[in-house]
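The values are calculated or read from the model by the stated rules, or taken from the named source; none is laboratory data. What you are looking at is a predicted structure, and each value in this text was computed from that prediction instead of being measured. Cβ atoms come from the backbone with ideal geometry, glycine included; neighbour counts cover every protein chain shown. Just so you know, the surface numbers come from the protein's heavy atoms only, side chains and all, with ligands and any DNA or RNA stripped out. Shrake-Rupley method; radii C 1.70, N 1.55, O 1.52, S 1.80 Å.
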Amino acid sequence: MAPPRPSSPLPAWATANALFRRHRRLLPLLLPASSLRDLLPVLSYCLVSGLARNPFVASRLLLASSGLALPFSLLLLSHLPASSLSPFSFNSLIRASPPGLALRLFDQMRRRGVPPDTYTLPFLIRACSGSDPLLCQALHGQGSRLGYGCHLFTQTALMNMYFACGSVVAACKVFEEMPARDVVAWTGMVSGYVDSGMYLKAVEVFQEMRCADDLVWPNEATVVSVASACAGLGSLEYAKGLHSYVEKIGLERELIVRNALVDMYGKCGGIESARGLFCLMQEKDLHSWTAMISVLASHGHGKEAVALFFSMLEAGVHPDSTTFIVVLSACSHAGLVDEGIHVFNTMESEYHVSPSIKHYGCMVDLFSRAGLIHRAYEFITSMPFEPNLEILGALLSACSINNELEIGELVLNKIESVCSYKGGAGVLLSNIYANQNLWQEVDTIRRKIRTEAIARKPPGQSLIATEVPYTSL
């Protein structure tokens, strides 16, 4: 029986591979299987013919099955002879495993006499990313004992792992110890600082990268990370400097870069620059539209944001969950109640996006800002899940503004029953009592606040942004 004709082109190396030329029924191993059932015929053939003892075939079987059913891959691994196993076999499983299982696979790899290669430690480190700092240090030591302490792939993975577990100093030390750095290492350092909220440091690393002796050029991922840093700083000067540099090196044509620049300008207050970039984009994807809608909404141009949303629909672009959050927020801030209701009602019926608690929160905020207190409360009671403090607090604040005592009391009771932290809910209700001259109730609720029957609001913090020292990007 002839093997099934591949539906997608084979890798170039496969057509010249003697093993695949002799055994055409192995060809499905080169293409992604849609389900474990699709993989079973070729697996049966490999086991019956004895080809599963071939290290290359065994590694392809494990790779193909690991993306479909990891428990099945582990069962297959336990039945394969040690002679058929290679570092690639274990690497495929380690990279697809959660931290604990990845560590056990690494231990089994050594017990079965399979030596790790240059990719084993990076895969193991990535699998354990975000774990306890002590585990990070243990893996760091393991890399040094195995002789991969100065290997670039391992060092980059270690740096990213230290950032993920919050050990910024350790991540910087690994970066500084790298004998040579490629664009992945530089980008990892920039994005690590961004994820840690150290935006100015991220920009400084990017500037250092541009002046480095090894002539490493930034790629799209680097630019996106630096754009996030500029957005975090809120510096329009840095934003314009990055844009000029991106044009200079020819990366502005990339869609992901343009999307990042639009978002960056919006967060730096450059709404006209964002609008100009968006209008010049010949190709736009969902992220392009969502970024521009968000820019308009966040700068008080709610009606324009909603109009752009409907233009996106006319262009045949289907919104996702994030797009709906952005446009519902725009409706809320612009007071577009009917438009917001229409958008919310079409989410699931037309676009198959199930509303989350964030979408419900936007609707409660929409009704509350419009003074539709009873409508907002009815909407909360119809939600398929319990409201959180953010939603209830928005309604209680609206009750305070509109002097709605009856609903305010109901909302406070709801907050006390479902929220462990009550925020300043009691203060808002006491303000309503005060507006209606109900001083006994004011005194009662204030006493509860003072005795911490209602949790006190945590002390506030303020941040004064000093002038950011500008150096041209």
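Observations on the structure shown:
- In the condition set (1) small (Gly, Ala, Ser); (2) over 23 Å from the mean Cα position of the chain (by Cα); (3) closer than 28 Å to Trp217 by Cα, Ala138 is compliant with all but (3).
Table: residues versus (1) among the small types (Gly, Ala, Ser); (2) more than 28 Å from Cys165 (Cβ to Cβ); (3) assigned to a helix (DSSP H, G or I); (4) within 31 Å of the chain's Cα centre (by Cα).
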residue: Ala58; (1), (2), (3), (4): yes, yes, yes, no
residue: Ser65; (1), (2), (3), (4): yes, yes, yes, yes
residue: Ser73; (1), (2), (3), (4): yes, no, yes, yes
residue: Pro122; (1), (2), (3), (4): no, no, yes, yes
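- Candidate set from segment 363-406 (those that are touching a Cys at 6+ places or on another chain (Cβ under 8 Å) and surrounded by 19 or more Cβ atoms within 10 Å (Cβ to Cβ)); member that is nearest to Thr322 (Cα to Cα): Leu366
- Verdict on Gly340 being open to solvent by 40 Å² or more (accessible area, probe 1.4 Å), over 24 Å from the mean Cα position of the chain (by Cα) and either without any contact (Cβ under 8 Å) to a residue 40 or more places away in the chain or at positive phi (or both): no
- Segment 206-228 residues that are closer than 16 Å to Ala180 by Cβ and free of Cβ contacts under 8 Å to residues at least 40 places away in the same chain, paired with ones that are among the aliphatic types (A, V, I, L, M) and part of a helix (DSSP H, G or I) (beta carbon under 8 Å, 6 or more apart): Met209/Val190; Val216/Val183; Val216/Met209; Trp217/Val183; Trp217/Ile249
- Leading residue by the ranking (farthest from Leu75 (Cα to Cα)) among those in segment 14-31 that are assigned to a loop (DSSP other than H, G, I, E, B) and modelled with pLDDT under 75: Ala16
- Of all residues in segment 253-310, those satisfying the criterion of being of a type in the set (Lys, Arg) and either part of a loop (DSSP other than H, G, I, E, B) or open to solvent by less than 20 Å² (accessible area, probe 1.4 Å) (or both) are Arg253, Lys284.
- Where helices (runs of 4 or more DSSP H) sit wholly within segment 367-473, those with at least 3 residues that are out of contact with any Phe, Trp or Tyr (no Cβ under 6 Å at 6 or more places or on another chain) and at pLDDT 70 or above occupy 373-381, 389-402, 405-418, 439-450.
- Within the span defined as segment 318-337, one or more residues are surrounded by fewer than 15 Cβ atoms within 10 Å (Cβ to Cβ) and charged (D, E, K, R).
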